[in-house]
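Heads up, the thing below is written out as structure tokens.
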Amino acid sequence: MIIEDDKMFDENYDLSMAMKPCSPCDNIDWLVSIIWPLLFIVGYAIADIYVFHWFVIPVYLCGVLISTDAVHWCRGKMDTFDPKGLVGLFGCNFFVISPILVAYYEVDHAGGLLYLDDMRTWLGWMAVLNFFGILLYKYIEKKISRKPIIVKKYWFDNTALSAVILPLSIFIIVSCQVYFIISGGGISAYISSKT
């Protein structure tokens, strides 16, 4: 360990595992990306025939395209906070799960009001536009992606400083909460004002 500018560094820390460059998607990523949206869609189509409609084809294609990054991230092949993996996870929800659940719960007839004749048609056209948007996203992502910058130092926690700041912060936060509750008339007054 060396101390430099009041920070501690470990010269022996191996950065090869923590900061390795992201490898490209392999066959397992593609296989899982092909299978999971199919199982999800078929499962809901079996549960309710209303889901079986032409809109599931572009929804499935969107799921295959966007979930490769999510599967790659879930397998630990990307950094935890890599935006590609997080966009892939969000895309799985937005482009696959949400449209299928909208069709399954027949949101076009929610609350006894008829919003549209058939929401599935609009979900299908939305999925077609999403498909081309995901293709554009993948194209741009491939063109502008660059290798990550490898950081050569690993920062350790300054335990002496943390031992002072952490209890002090907790004391201030608890004091503010107690003051808030007392100034409002106590816990029972707070509960009665919210119910």
Counted neighbours (other Cβ, 10 Å), sorted fewest up, put S67, S33 in the order S33, S67
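Taking the Cα centre of segment 29-93 as origin, work out the dipole magnitude from +1 charges on Lys and Arg Cβ and -1 charges on Asp and Glu Cβ, in debye rounded to 20.
Roughly 60 debye for segment 29-93.
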Rounded to whole Hz, the Karplus (6.51, -1.76, 1.60) HN-Hα couplings of segment 62-76, x for glycine and proline: 4, x, 5, 5, 7, 7, 4, 5, 5, 5, 4, 5, 5, 7, x
Test of understanding: ordering C62, C92 by Cβ neighbours within 10 Å, fewest first, what list do you get? C92, C62
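Read the figures in this text as sums done on the coordinates, not as results from a lab. Just so you know, these numbers come straight off a predicted model, no measurement behind them. A quick note on method: Cβ atoms are made from the backbone with ideal geometry, for glycine too, and the neighbour counts reach across all protein chains shown.
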